[in-house]
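The values are calculated or read from the model by the stated rules, or taken from the named source; none is laboratory data. The shown structure was predicted, so the numbers you read here are calculated from the model rather than taken from an experiment. Methodologically, a virtual Cβ is constructed for each residue, glycine included, from the backbone with ideal geometry; neighbour enumeration extends over all protein chains shown. In case anyone asks, the SASA skips ligands and DNA or RNA and just uses the protein heavy atoms, side chains included. Shrake-Rupley method; radii C 1.70, N 1.55, O 1.52, S 1.80 Å.
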Amino acid sequence: MINKNIELADNSCGHTYMQWIVAVLLNTVVLNYGLQVGWISPMTKVLQSETSSVVDQPISDESWMWIASAVPMTAVVGVPLYTYLSDKYGRKVGVIAIVIPQSLCWIIKLATTSVPGLLVARVCAGIAAGGCFTVIPMYVKELSQDNIRGLLVSLVGLNQNLGYIFMYAMGAYLEYYTVLWIVVWLPLVLIILLTKLPESPAFLIKIGEYETAARTVALLRGLETTDKEVIHEITYMKNEDNYFKSLPPVTFLCILRNKPWRKGLILLLLLLGIQACNGCFAIVTYISSILGSCGVTISLELQTLSIPAFMIFGSFVTIVTVDRIGRKPLLVITYAITVASFLCLASILLIQHQGGSVPGWLPVIAIVSAMWSYAAGVTSVPGVIMAEMFNFQIRAKVVGCVVMWAWLITFLGVFVYTPISNMLGMHTSFYGFAGINLLGFFVSLVFIPETKGKSVEEIELMLGGGHTNSKNSNEGINGKEKRTTPTTNE
């Protein structure tokens, strides 16, 4: 059977560029998210300045803290909303529903600079953010063939970081309203383009649209609907869907009773919780004030721009390496670098707090290293693992639960960062972040399974205590694993 599948793959002519086009378009939604999150840092000096012409009076630190933390706070609400929409009405509807509040965010900011108005705008951005990391990776994964799925899913991190650098650059050199007039058009155009996207084949199978699913798979693979690869993939998805429909409805209690699902859920809750409060989101939000506290005064805009530039470089590292060296090694290495970087930064801040001095470039190097590793593995790899670990039957429920948890922890981390830093010193916060990343290092090293090149069933076998040999894995056409009938038994 293995040889037959390999022969079919050799005789099939196809391409992947349609999968790339769709993945890039979908991830433009995440780029817009990066613009909205990055907006806080360059606009702090504009909206809190005594001499600003944009606001009648400067926004207080307390009000600004609420505005800054509104995105992760309301993203918790957005996660179950978009999980329901994408599971009930399709991934395509879910993505379009993300872009609508993203558009409202920019429109409201154009209309007002009052604190209530900015809070409402950030709430819109936060609700949309709840869907970005729930629907987009799931949608891309279901549209992608297995041998490039890790690469395409990792585009999420790249586009998020592109959003950061574009906003930092515009915020540094352009007027407040000029920036808003530039970015407001992106989600409006996106809504039109997204209506042209194909629906997820797995969802089409779920609702009985078999012919449409076959045409979608053929379009994405560059094949005819009669090609054996397309027939093989549709047949597998139909069998999987029929099997799942024959089972009782899956509840969270069923997930907790199933050993592989329970273990996978616990590991992802732990991993995403650590990632959410590892300190890098606080840096993205308060980068200007952090660099100022470190004594960086020369070309602060250029120093700020260096952060997302290295994050983009880190995202490219993920794209190149995630399907080569694997998920687990990349995660372990990047956590180790983050620990070292935060220990260095915390020590620099402590020395300065006690009256000492260090070279101005040293804290920049520490921050850049931390943010590079954050983009290269800490934030991107868990998303890839999450998209690969669970089957279609429970994927939306589990991903929604995990992402909602991550946003809740992110909100708490951003919200308490300022009070803790003011009370105990910024160095205390970063020593704490170093400890959290050290925990992430050990969790990744000891408990996280390697999901590279493995089917859902092989991953479940590892989580259930079994073993799988990748050399003996049955590989199907175009690198697609030969999958067996799913099981829900412990």
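Evaluation of GLU233 against the conditions (1) in a helix (DSSP H, G or I); (2) open to solvent by 30 Å² or more (accessible area, probe 1.4 Å); (3) within 30 Å of GLY14 (Cβ to Cβ) shows that the sole unmet condition is (2).
Just to be sure I understand the filter: pairs with C-beta atoms under 7 Å, separated by 6 or more residues or on different chains, first member in the stretch 193-209 and closer than 17 Å to ASP87 by Cα, second member buried (at least 18 other Cβ atoms within 10 Å of the Cβ) and of a type in the set (Phe, Trp, Tyr). Which pairs pass? If the second residue must be buried (at least 18 other Cβ atoms within 10 Å of the Cβ) and of a type in the set (Phe, Trp, Tyr), the pairs left are SER200/TYR139; ALA202/PHE392.
Exactly one residue out of VAL95, VAL79, VAL99 is open to solvent by less than 20 Å² (accessible area, probe 1.4 Å), within 27 Å of ILE385 (Cβ to Cβ) and modelled with pLDDT under 90, and it is VAL79. Tell me which residues, restricted to the stretch 28-51, are part of a loop (DSSP other than H, G, I, E, B) and either under 22 Å from PHE133 (Cβ atoms) or in contact (Cβ under 8 Å) with a residue 40 or more places away in the chain (or both). If the condition is that a residue be part of a loop (DSSP other than H, G, I, E, B) and either under 22 Å from PHE133 (Cβ atoms) or in contact (Cβ under 8 Å) with a residue 40 or more places away in the chain (or both), then TRP39 is the only one that fits.
When restricted to residues that are over 19 Å from LEU47 (Cα atoms) and either open to solvent by 90 Å² or more (accessible area, probe 1.4 Å) or without any contact (Cβ under 8 Å) to a residue 12 or more places away in the chain (or both), the stretch 174-186 contains 1.
Listed by first and then second residue, the pairs with beta-carbon distance under 8 Å, at least 6 apart or on different chains, first residue in the stretch 52-70 and farther than 12 Å from PHE415 by Cβ and of a type in the set (D, E, K, R), second open to solvent by 30 Å² or more (accessible area, probe 1.4 Å) and part of a helix (DSSP H, G or I), are ASP61/THR418.
A search for C-beta distances below 6 Å between a residue of the stretch 88-104 that is in contact (Cβ under 8 Å) with a residue 24 or more places away in the chain and closer than 15 Å to LYS141 by Cα and any residue that is open to solvent by 20 Å² or more (accessible area, probe 1.4 Å) and not in a helix (DSSP H, G or I), counting only pairs 6+ apart in sequence or on different chains, returns GLY90/GLU199; LYS92/GLU199. Determine, yes or no, whether GLY413 is out of contact with any Gly (no Cβ under 6 Å at 6 or more places or on another chain), under 19 Å from ALA370 (Cα atoms) and free of Cβ contacts under 8 Å to residues at least 12 places away in the same chain. So GLY413 fails the test. Here ALA111 does not fit the description of being small (Gly, Ala, Ser) and in contact (Cβ under 8 Å) with a residue 24 or more places away in the chain. Remark: ILE21 matches the filter, which requires a residue to be open to solvent by 40 Å² or more (accessible area, probe 1.4 Å), part of a helix (DSSP H, G or I) and of a type in the set (A, V, I, L, M, F, W, C).
Selection within the stretch 442-464: residues that are in a helix (DSSP H, G or I) and open to solvent by 50 Å² or more (accessible area, probe 1.4 Å). The member of this set that is farthest from CYS344 (Cα to Cα) is LEU461.
Scanning the stretch 40-67 for residues that are crowded, with 23+ Cβ neighbours inside 10 Å and among the small types (Gly, Ala, Ser) returns a single hit, SER41. Out of the residues in the stretch 270-298 meeting the condition of being open to solvent by less than 20 Å² (accessible area, probe 1.4 Å) and of a type in the set (Val, Ile, Thr), tell me which one is modelled with the highest pLDDT. Checking each candidate, the answer is ILE274. Can you confirm whether the stretch 472-488 contains a residue that is modelled with pLDDT under 85, of a type outside the set (Asp, Glu), open to solvent by 40 Å² or more (accessible area, probe 1.4 Å) and within 22 Å of the chain's Cα centre (by Cα)? Checked against the condition, which is being modelled with pLDDT under 85, of a type outside the set (Asp, Glu), open to solvent by 40 Å² or more (accessible area, probe 1.4 Å) and within 22 Å of the chain's Cα centre (by Cα), the stretch 472-488 yields no hits at all.
Restrict the check to the stretch 4-18 and report whether at least one residue is touching a strand residue (DSSP E or B) at 6+ places or on another chain (Cβ under 8 Å) and at pLDDT below 80. Scanning the stretch 4-18 turns up at least one residue that is touching a strand residue (DSSP E or B) at 6+ places or on another chain (Cβ under 8 Å) and at pLDDT below 80.
Evaluation of ALA336 against the conditions (1) at pLDDT 80 or above; (2) at negative phi; (3) under 17 Å from the mean Cα position of the chain (by Cα) shows that the sole unmet condition is (3). Restricting attention to the stretch 252-269, the residues that are open to solvent by 70 Å² or more (accessible area, probe 1.4 Å) and either touching a residue at least 24 places away in the same chain (Cβ under 8 Å) or of a type in the set (A, V, I, L, M, F, W, C) (or both) add up to 7.
Yes or no, residue by residue, for (1) in a loop (DSSP other than H, G, I, E, B); (2) in contact with an Asp or Glu (Cβ under 7 Å, 6 or more places away or on another chain); (3) open to solvent by 10 Å² or more (accessible area, probe 1.4 Å); (4) among the polar types (S, T, N, Q):
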{"position": "ASN161", "(1), (2), (3), (4)": "no, no, no, yes"}
{"position": "ALA172", "(1), (2), (3), (4)": "no, yes, yes, no"}
{"position": "LEU188", "(1), (2), (3), (4)": "no, no, yes, no"}
{"position": "LEU193", "(1), (2), (3), (4)": "no, no, yes, no"}
{"position": "LEU197", "(1), (2), (3), (4)": "yes, no, yes, no"}
{"position": "LEU204", "(1), (2), (3), (4)": "no, no, yes, no"}
{"position": "GLU211", "(1), (2), (3), (4)": "no, no, yes, no"}
